[in-house]
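Below you'll find the structure, written out as structure tokens, and then a few comments.
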Amino acid sequence: MSTSLLIVSGLGKSFGGVRAVDDVGFELAAGELLALIGPNGAGKSTTFNMINGQLPADAGSVRLGGAELLGRRPRDIWRLGVGRTFQIAETFASLTVSENVQMALLSHDGLLASLWRRATRHRRADALELLAQVGMDAQADRPAGELAYGDVKRVELAMALAHAPRLLLMDEPTAGMAPGERNALMSLTRDLATRRGIGVLFTEHSMDVVFTYAHRVIVLARGRLIAQGTPDEVRAHPQVREVYFGSGRTFGAAGPAVEVAS
């Protein structure tokens with residue numbers, strides 16, 4: 001991988017007497033998909049939300065291309081080139097598919113406060129190009145509320161890409177999706193990340209997705225990073241096997257036979 005895009009070091013967060021995240025550090029390169037996994041209470045969501053500015057950190061550093069993110073508001077972090085998708089896809093059901101992406105473009109251009117400017121007239125050609133990248137241009141004029149859930153996730157991805165992010169944070173991107181939809185979305189995400197040089201950090205409960213599409217995996221347990229490396233390295237790590245399955249159980253060649261709750 002190339003020079004690191006994101007560098008996280010010494011990240012820490014406590015809630016009362018509970019150390020939710022304890023001295024976590026990792027790096028992410030442009031064009032790389034990095035999966036953040038761990039059992040319930042491992043600190044995944046807390047780590048994710050500190051990087052995005054939704055939670056203040058007690059300690060550490062999060063640098064994106066040399067710029068420190070800690071201490072900034074989520075909006076300011078977004079303006080530095082950090083996009084995000086959510087476990088439950090967030091689109092405007094009453095707007096068309098194209099209008100959803102045009103609203104994202106309005107936000108990117110700093111024009112949402114201009115109430116006279118309607119999404120239907122704003123950069124439609126650019127919206128259609130983004131929709132084409134996620135395979136949704138043929139449904140541009142359909143109301144988003146009529147879409148199948150897998151297609152809603154594609155629209156949400158197009159909306160995130162409207163900001164031309166350098167870093168994309170994806171929170172449980174395949175939650176609620178059928179296996180075929182999962183594979184289609186993550187294959188698309190990996191292809192887009194590679195072609196556009198976007199670093200992708202994602203949390204995911206489906207281990208088949210993690211071990212198929214992540215370039216590298218980091219594993220948290222009780223707030224601490226216990227393993228990181230390629231999918232094969234993490235799959236073979238004895239502490240990871242112990243945390244997930246107990247002694248004597250291993251990940252299979254194609255990934256574990258069960259899914260791990262987030």
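Assess whether Gly180 counts as being outside the structural domain of Gly53 (by TED's automatic domain parsing) and either without any contact (Cβ under 8 Å) to a residue 60 or more places away in the chain or on the phi > 0 side of the Ramachandran plot (or both).
Numbers: outside the structural domain of Gly53 (by TED's automatic domain parsing): no; either without any contact (Cβ under 8 Å) to a residue 60 or more places away in the chain or on the phi > 0 side of the Ramachandran plot (or both): yes.
Here the answer is no, as Gly180 does not meet what is asked.
Scanning segment 63-113 for residues that are at pLDDT below 85, touching a helix residue (DSSP H, G or I) at 6+ places or on another chain (Cβ under 8 Å) and charged (D, E, K, R) yields a count of 1. Report whether or not Asp141 is touching a residue at least 12 places away in the same chain (Cβ under 8 Å) and either acidic (Asp, Glu) or surrounded by 19 or more Cβ atoms within 10 Å (Cβ to Cβ) (or both). When the stated conditions are applied, Asp141 passes them.
What are the residues in segment 177-235 that are among the charged types (D, E, K, R) and surrounded by 17 or more Cβ atoms within 10 Å (Cβ to Cβ), if any?
Glu181, Arg182, Arg190, Glu204, Asp208, Arg216, Arg235, listed by residue number.
Screening Val24 against (1) more than 20 Å from His215 (Cβ to Cβ); (2) buried (at least 16 other Cβ atoms within 10 Å of the Cβ); (3) touching a residue at least 12 places away in the same chain (Cβ under 8 Å) leaves a single unmet condition, (1).
Residues are listed down the side, and each one gets a yes or a no for (1) over 21 Å from Asp76 (Cα atoms); (2) at pLDDT 95 or above; (3) β-branched (Val, Ile, Thr):
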residue	(1), (2), (3)
Arg154	yes, no, no
Ala160	no, no, no
His163	no, no, no
Arg166	no, yes, no
Glu172	yes, no, no
Ala175	yes, no, no
Val200	no, yes, yes
Glu204	yes, no, no
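Taking first residues from segment 209-226 that are at positive phi and partners that are of a type in the set (Lys, Arg), the Cβ contacts under 7 Å between residues at least 6 apart in sequence or on separate chains come to Gly223/Arg19. Where strands (runs of 3 or more DSSP E) sit wholly within segment 8-117, none has at least 3 residues that are under 24 Å from Ala227 (Cα atoms), more than 21 Å from the chain's Cα centre (by Cα) and among the aromatic types (Phe, Trp, Tyr).
Which of the residues spanning segment 165-198 are of a type in the set (Gly, Ala, Ser) and in contact with a Lys or Arg (Cβ under 7 Å, 6 or more places away or on another chain)? Within segment 165-198, no residue meets the criteria.
The values are calculated or read from the model by the stated rules, or taken from the named source; none is laboratory data. All of these numbers come straight from a predicted model, not from anything done at the bench. Positions of Cβ are generated from backbone atoms using ideal geometry, with glycine treated the same way; all protein chains shown enter the neighbour counts.
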